[in-house]
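I have placed the structure first, in the form of structure tokens, so that the comments after it can refer back to it.
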Amino acid sequence: MTRRNTAETASQKAARVGRAQGVFRRIRLAERRQHEAVAAMEQLRVSSIDRGEGECTRGLVIIQPSGSGKSEAIKQFKAFVEAQPGRDPMRTPVLHVTLETAGTPRSAIVSCLEALGDNYAQVGTEPVLLARLKKAIAAEGVEIIVIDELNHCSQKIMGRDASNMFKNMLTRGWAPIVFSGTSAARRLFTDNRELRNRCQPQLSLVPLDHRNEHDLRSWESFLGGLDEQIVATGLLPETSGLGAPDVALALCETCRGLIGEVSLVVEDGLAAAVGRGDRRIRITDLHRSVDVRYVLAEELDANPLDQLLARR
């Protein structure tokens, strides 16, 4: 273990660890399931490119738990489309909209307009704003809309009105829409058969199951790749064995197969290792993170890494 200079102040240590965490969060891995989600969104976009005037469009539904990789897949898709040859950087082919918590049709329209850079998105009645949005979608060259945090609508009393607005946008052919949210958003489609019939579910981001051998191999591969990237980016000089079968299994069980959650646990471990000047993340670091994030929060009765800690 390489110890840091004891003369280092608390603020200097905090800055050093913070920089390492920033680098870690920018690591991007080629995760198969996210590629499948990107491919499904691209297929939806292309299928509507040559549609006729007023021809209806379709939707894609990505309803999965927080941490399943939805947001990362959306970012990858947006970057992929914008990087295509011949793209005008002043246009907005992928309109990525994060809904406000108000969850009303008007707030959804405002969110769309704000995502398009409309400085007066809050000014006007709902019908006026909706008409302005239709014009902006055409003027900005929007080829597909991604509605993120859809659950903010489903949890509100006006959720049905919001779902009807989105259904009408598809029926009138404004643009294809990707609907992304947690399981709470499922209600919008359960209660609105017409909207549901215009959409196709996308299932590639279902959490990995630690009891399924194929899923577990994918999980090990992801953690092993993450481990290698930590070294490749210079964050630590040695790999930490994150993809080892016993470690991967315990982390998969802990994080319920959610990529986003295990990334948080690994980041906690990285911060601890960098803070003390270690060469690698230790099992004790991961164990402590799981204790704090899951056991103390009463999401788990026991720490799945207990046995690993006892053996090391």
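Would you check if there is a residue in the range 29-38 being in contact with a strand residue (DSSP E or B) (Cβ under 9 Å, 6 or more places away or on another chain), under 22 Å from S204 (Cα atoms) and either in the same structural domain as T182 (by TED's automatic domain parsing) or assigned to a helix (DSSP H, G or I) (or both)?
Taking every residue of the range 29-38 in turn, at least one turns out to be in contact with a strand residue (DSSP E or B) (Cβ under 9 Å, 6 or more places away or on another chain), under 22 Å from S204 (Cα atoms) and either in the same structural domain as T182 (by TED's automatic domain parsing) or assigned to a helix (DSSP H, G or I) (or both).
Yes/no matrix, rows are residues, columns are (1) assigned to a loop (DSSP other than H, G, I, E, B); (2) outside the structural domain of D148 (by TED's automatic domain parsing); (3) surrounded by 14 or more Cβ atoms within 10 Å (Cβ to Cβ):
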{"site": "V46", "(1), (2), (3)": "no, no, no"}
{"site": "I49", "(1), (2), (3)": "yes, no, no"}
{"site": "G52", "(1), (2), (3)": "yes, no, no"}
{"site": "F77", "(1), (2), (3)": "no, no, yes"}
{"site": "F80", "(1), (2), (3)": "no, no, yes"}
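If we scan the range 281-293, do we find a residue that is more than 17 Å from S221 (Cα to Cα), touching a helix residue (DSSP H, G or I) at 6+ places or on another chain (Cβ under 9 Å) and part of a loop (DSSP other than H, G, I, E, B)?
Yes, the range 281-293 contains at least one residue that is more than 17 Å from S221 (Cα to Cα), touching a helix residue (DSSP H, G or I) at 6+ places or on another chain (Cβ under 9 Å) and part of a loop (DSSP other than H, G, I, E, B).
Of the residues L249, L235, L242, which is of a type in the set (A, V, I, L, M), outside any helix (DSSP H, G or I), at pLDDT 95 or above and surrounded by fewer than 19 Cβ atoms within 10 Å (Cβ to Cβ)?
L235
From the residues in the range 258-276 that are at pLDDT 95 or above and small (G, A, S), which one is farthest from A10 (Cα to Cα)?
If we take residues in the range 258-276 being at pLDDT 95 or above and small (G, A, S), then S263 is farthest from A10 (Cα to Cα).
When the range 211-234 is examined, which residues are found to be more than 29 Å from V274 (Cα to Cα) and touching a residue at least 24 places away in the same chain (Cβ under 8 Å)?
D215
Would you confirm, using the coordinates I've provided, whether N212 is surrounded by fewer than 20 Cβ atoms within 10 Å (Cβ to Cβ) and either of a type in the set (V, I, T) or closer than 30 Å to F166 by Cα (or both)? Before you say what the answer is, go through the steps one by one.
Details: surrounded by fewer than 20 Cβ atoms within 10 Å (Cβ to Cβ): yes; either of a type in the set (V, I, T) or closer than 30 Å to F166 by Cα (or both): no.
The answer is no for N212.
Regarding the range 106-118, can at least one residue be identified that is free of Cβ contacts under 8 Å to residues at least 60 places away in the same chain and of a type in the set (S, T, Y)? Before the answer, list the steps.
Pass one, the range 106-118, residues free of Cβ contacts under 8 Å to residues at least 60 places away in the same chain: 106-118.
Among the residues that remain, those that are also of a type in the set (S, T, Y) are: 107, 111.
The answer is yes; a qualifying residue exists.
Assuming T125 fulfils every condition listed in (1) surrounded by 14 or more Cβ atoms within 10 Å (Cβ to Cβ); (2) in contact with a Lys or Arg (Cβ under 9 Å, 6 or more places away or on another chain); (3) within 23 Å of R160 (Cβ to Cβ) apart from one, which condition is it?
The failed condition is (1).
The values are calculated or read from the model by the stated rules, or taken from the named source; none is laboratory data. The shown structure was predicted, so the numbers you read here are calculated from the model rather than taken from an experiment. Quick reminder, even Gly has a Cβ in these numbers, built from the backbone with ideal geometry, and neighbours come from all protein chains shown.
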